[in-house]
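Asks: Following this message is one structure expressed as structure tokens.
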Amino acid sequence: MTLNIGVLAIQGDVTENFLSVMASLSELGIDGTVSQVKTAEQISKLDGLIIPGGESTMIGQMSLVNGALKTIKEKIGSGMPVFGICAGMILLSKNSKDRVVGDVEQPLLDLLDVKIERNSFGRQKDSFEAEISLEPIGISSFNGVFIRAPSVSEVGKDVQILAKFEEKIVSVKQGNIIATAFHPELTRDTSLHKSFVQMVKDSKP
Amino acid sequence: MIPLSGDIPNSKGEIKEANEMTSISRGTSTLKRGFAHMLKNGVVMDVTTVEQALIAEEAGAVSVMVLDKLPSDVRKAGGVARTASIRIIQEIMDNVTIPVMAKCRIGHVYEANVLAETNVDMIDESEVLTPADEYHHIWKWDYTTPFVNGARSLGEALRRVEEGAAMIRTKGEPGTGNVAEAITHIKKVNDELRSIKSIYDSGDKQDLVKMARELKVSYSLVEETAKIGRLPVVNFAAGGIATPADAAYLMSLGCDGIFVGSGIFKAEDAKERARAVVLATTFWEEPDKVKEAQKMIDERQSILGLDVKDLELKMQERGGTV
């Protein structure tokens, strides 16, 4: 049984996630392939999907144009594991608001029961690296790379908090959805990607 | 993963803060180059007003670049072109959720300081403005804010990376609506990359040292670049892009994304065109989508364009030799 993992390749940090999944598969010794996906047809064949960092407004709008957004929603709804990073976390959410601009019209998948504050830590000059702990999934220390990062301001009852930084929620899990406000693909640490690959493997009968 | 060749440890732009609970770093190469990574496969649009910035955001731009005048107007106006009004930059920052960039003059340290203090997300040390220093670019390692620089060749690109640029845009000829120069320069950079890669693969260190001398950059940066066979930072195309087909063609040549200057807001169908250029950039590999994008624009409404041969001022030459 070969795992088929895709990285949504509309815009943003696609290649780095592709490489992190490749590394994870080989380190775990799991038989699988990684591909960069754009179309509804490609997405319908996946066992797991990463929605990478980038600009959430743009990724949302362009995935709407070619029908990818609808397929992603159906697939996640039917149990496919998904890993949303930064913009990906925003896209998965039910509700998003910008810290400065306020309410924004943007397409969201409306699956992850959280409220997001976009650009929560400020602008690029305030972007930072800091050590994060994701104890609930067994990762005690991880170098969190936060780039104009969002945070989670409210969580629904089925949402598990995986990590906080200075009182702000920066990683969550809800069933087959895992999300981080920071960028594991910009580090050489594959533990989060490995954790996701394992999740995809466990989801297969 | 981002290769960190040419990284200067403990540069002034890198800030470490620690309290009893946590320690954090700002302005690291990972954060600066990582910011550019988030723009990949996207379009950055030149804007001069809040209204244009909102059109750009709605069209799917990944960032806006604030100028006082669009490049074609800079060309017409003549005189000295400087950084945009801080008031307008601030107003745009308060109204869009996407990152905001602004241009400073080549070598103008204090225009850069002012932009960094204004908290723009990226500074473009740009040849579109009148250079302030003929001999030096800004030492960009001194800044927490990331920089993007233009380049016409591999040597020029690597010299800027060595000075701390977190992103490169291959130069075209700004404000002309003529994509020819942008095409020439990305092809030249690609050729030069192929050539140093083949030297690296052959294991001939002496030849690689010779290349470093020719390119006027450190050996370690040339070696790292030759090893990966591409620029060690994100590289966008810029200058003269006017239509969806222009953007898609440059993407096919291996650019990571597109800067559009006068091409959109000097056209009469700016709103539709902005959307169309984004579509063509995103789906450049799909001929039917590029055709759909091209169909959205009306060629009679494109910027008229200039033949580069007839130009008195070639902005691309600015800052190129140092």
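Asks: Would you confirm, using the coordinates I've provided, whether residue A:110 is in a loop (DSSP other than H, G, I, E, B) and away from chain B (no Cβ under 14 Å)? Can you show your working first?
Replies: On the way: in a loop (DSSP other than H, G, I, E, B): yes; away from chain B (no Cβ under 14 Å): yes.
When the stated conditions are applied, residue A:110 passes them.
Yes/no per residue for (1) modelled with pLDDT of 95 or more; (2) among the acidic types (Asp, Glu):
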position	(1), (2)
B:7	no, yes
B:12	no, no
B:52	yes, no
B:55	yes, no
B:60	yes, no
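Asks: So which pairs qualify, if the first residue must be in region B:311-322 and outside any loop (DSSP other than H, G, I, E, B), the second must be of a type in the set (A, V, I, L, M, F, W, C), the Cβ gap must be under 8 Å, and the two must be at least 6 apart or on different chains?
Replies: B:315/B:128
Asks: Have a look at B:128, B:114 and point out the one that is more than 13 Å from every other protein chain (Cβ to nearest Cβ), in contact with a strand residue (DSSP E or B) (Cβ under 9 Å, 6 or more places away or on another chain) and surrounded by fewer than 18 Cβ atoms within 10 Å (Cβ to Cβ).
Replies: B:114 is the lone residue from the list that is more than 13 Å from every other protein chain (Cβ to nearest Cβ), in contact with a strand residue (DSSP E or B) (Cβ under 9 Å, 6 or more places away or on another chain) and surrounded by fewer than 18 Cβ atoms within 10 Å (Cβ to Cβ).
Asks: Looking at A:20, A:26 in this structure, which one is outside any loop (DSSP other than H, G, I, E, B), under 20 Å from residue A:198 (Cβ atoms), among the hydroxyl-bearing types (Ser, Thr, Tyr) and within 14 Å of chain B (Cβ to nearest Cβ)? If you could, list the steps in order and put the result at the bottom.
Replies: On the way: A:26 fails: within 14 Å of chain B (Cβ to nearest Cβ).
Going through A:20, A:26 in turn, just one is outside any loop (DSSP other than H, G, I, E, B), under 20 Å from residue A:198 (Cβ atoms), among the hydroxyl-bearing types (Ser, Thr, Tyr) and within 14 Å of chain B (Cβ to nearest Cβ): A:20.
Asks: Can you tell me which residue among A:95, A:119, A:143 is open to solvent by 10 Å² or more (accessible area, probe 1.4 Å) and closer than 17 Å to residue B:30 by Cβ?
Replies: Values: A:95 fails: closer than 17 Å to residue B:30 by Cβ; A:119 fails: closer than 17 Å to residue B:30 by Cβ.
Criteria check complete, one pass: A:143.
Asks: Kindly indicate the residue of region A:152-162 that is of a type in the set (A, V, I, L, M, F, W, C) and assigned to a strand (DSSP E or B) and also farthest from the other protein chains (Cβ to nearest Cβ) among those meeting that condition.
Replies: Step one: of region A:152-162, the residues of a type in the set (A, V, I, L, M, F, W, C) are A:152, A:155, A:159, A:161-162.
Narrowing further to those that are assigned to a strand (DSSP E or B): A:152, A:155, A:161-162.
Numbers: A:152: 17, A:155: 22, A:161: 17, A:162: 17 Å.
Filtering first and then ranking leaves A:155.
Asks: Which members of region A:15-24 meet the condition of being open to solvent by 10 Å² or more (accessible area, probe 1.4 Å) and touching a residue at least 24 places away in the same chain (Cβ under 8 Å)?
Replies: So in region A:15-24, the residues open to solvent by 10 Å² or more (accessible area, probe 1.4 Å) come out as A:15-16, A:18-19, A:22-23.
Selection gives A:16, A:19, A:23.
Asks: Run down B:176, B:225 and say which single residue is open to solvent by less than 60 Å² (accessible area, probe 1.4 Å) and within 23 Å of residue B:308 (Cα to Cα).
Replies: Numbers: B:225 fails: within 23 Å of residue B:308 (Cα to Cα).
Step by step, each of B:176, B:225 is checked, and only B:176 is open to solvent by less than 60 Å² (accessible area, probe 1.4 Å) and within 23 Å of residue B:308 (Cα to Cα).
Asks: When the residues of region A:164-185 are filtered to those that are part of a loop (DSSP other than H, G, I, E, B) and away from chain B (no Cβ under 14 Å), which remaining residue is surrounded by the fewest Cβ atoms within 10 Å (Cβ to Cβ)? Spell out the reasoning first.
Replies: Initially, region A:164-185 is screened for residues part of a loop (DSSP other than H, G, I, E, B), giving A:166-167, A:175-176, A:181-183.
Next, only the ones that are away from chain B (no Cβ under 14 Å) stay: A:175-176.
Details: A:175: 14, A:176: 20.
So the residue we want is A:175.
Asks: State all residues of region B:47-74 that are in contact (Cβ under 8 Å) with a residue 60 or more places away in the chain, within 18 Å of residue B:118 (Cα to Cα) and buried (at least 23 other Cβ atoms within 10 Å of the Cβ); if no residue qualifies, say none.
Replies: B:47, B:65, B:67 - these are the residues of region B:47-74 that are in contact (Cβ under 8 Å) with a residue 60 or more places away in the chain, within 18 Å of residue B:118 (Cα to Cα) and buried (at least 23 other Cβ atoms within 10 Å of the Cβ).
Asks: Additional query: Out of all the residues in region B:172-190, is one or more within 14 Å of another protein chain (Cβ to nearest Cβ) and either part of a loop (DSSP other than H, G, I, E, B) or among the hydrophobic types (A, V, I, L, M, F, W, C) (or both)?
Replies: Within region B:172-190, the first condition is being within 14 Å of another protein chain (Cβ to nearest Cβ), and the residues that meet it are none.
No: zero hits.
Asks: I'm trying to understand the selection: among the residues of region B:15-56, which are out of contact with any helix residue (DSSP H, G or I) (no Cβ under 8 Å at 6 or more places or on another chain), more than 9 Å from every other protein chain (Cβ to nearest Cβ), not in a helix (DSSP H, G or I) and not hydrophobic (A, V, I, L, M, F, W, C)?
Replies: Correct list: B:16, B:19, B:20.
Asks: In region B:57-108, what count of residues is obtained for those that are within 14 Å of chain A (Cβ to nearest Cβ) and either outside any strand (DSSP E or B) or in contact with a His (Cβ under 9 Å, 6 or more places away or on another chain) (or both)?
Replies: So the answer is 17.
Asks: Further question on the same structure: Search region A:85-104 for residues that are more than 20 Å from residue B:38 (Cα to Cα) and pair each with any residue that is not in a loop (DSSP other than H, G, I, E, B) when their beta-carbon atoms are under 7 Å apart and the residues are at least 6 apart or on different chains.
Replies: That search, which allows pairs on different chains as well, returns A:94/A:112; A:94/A:113; A:94/A:114; A:95/A:115; A:95/A:116; A:103/A:97.
Asks: Output yes when any residue across region A:130-151 is over 30 Å from residue B:145 (Cα atoms), part of a strand (DSSP E or B) and more than 11 Å from chain B (Cβ to nearest Cβ), and no when none is. Reasoning before the result, please.
Replies: First, the residues of region A:130-151 that are over 30 Å from residue B:145 (Cα atoms): A:135-140.
Next, only the ones that are part of a strand (DSSP E or B) stay: A:139-140.
With more than 11 Å from chain B (Cβ to nearest Cβ) added as a condition, the list becomes A:139-140.
Yes: one or more hits.
Asks: Would you be able to say whether some residue in region B:144-155 is over 24 Å from residue B:242 (Cα atoms) and in a helix (DSSP H, G or I)? Walk me through how you get there before you give the answer.
Replies: Our first condition is that a residue be over 24 Å from residue B:242 (Cα atoms); within region B:144-155, this holds for B:144-147, B:154-155.
Keeping just the survivors that are in a helix (DSSP H, G or I) gives B:154-155.
Within region B:144-155 (the criterion being over 24 Å from residue B:242 (Cα atoms) and in a helix (DSSP H, G or I)), the answer is yes, since at least one residue qualifies.
Asks: Give just the number: which of (1) among the small types (Gly, Ala, Ser); (2) in contact (Cβ under 8 Å) with a residue 40 or more places away in the chain; (3) open to solvent by 40 Å² or more (accessible area, probe 1.4 Å) does residue A:79 not satisfy?
Replies: Result: residue A:79 fails condition (3) only.
The values are calculated or read from the model by the stated rules, or taken from the named source; none is laboratory data. All values derive from a computational prediction rather than experimental measurement. Backbone-built Cβ (ideal geometry, glycine too); neighbour counts: all protein chains shown. Please note that ligands, DNA and RNA were not included when accessible areas were found on the heavy atoms of the full protein model with its side chains. Shrake-Rupley method; radii C 1.70, N 1.55, O 1.52, S 1.80 Å.
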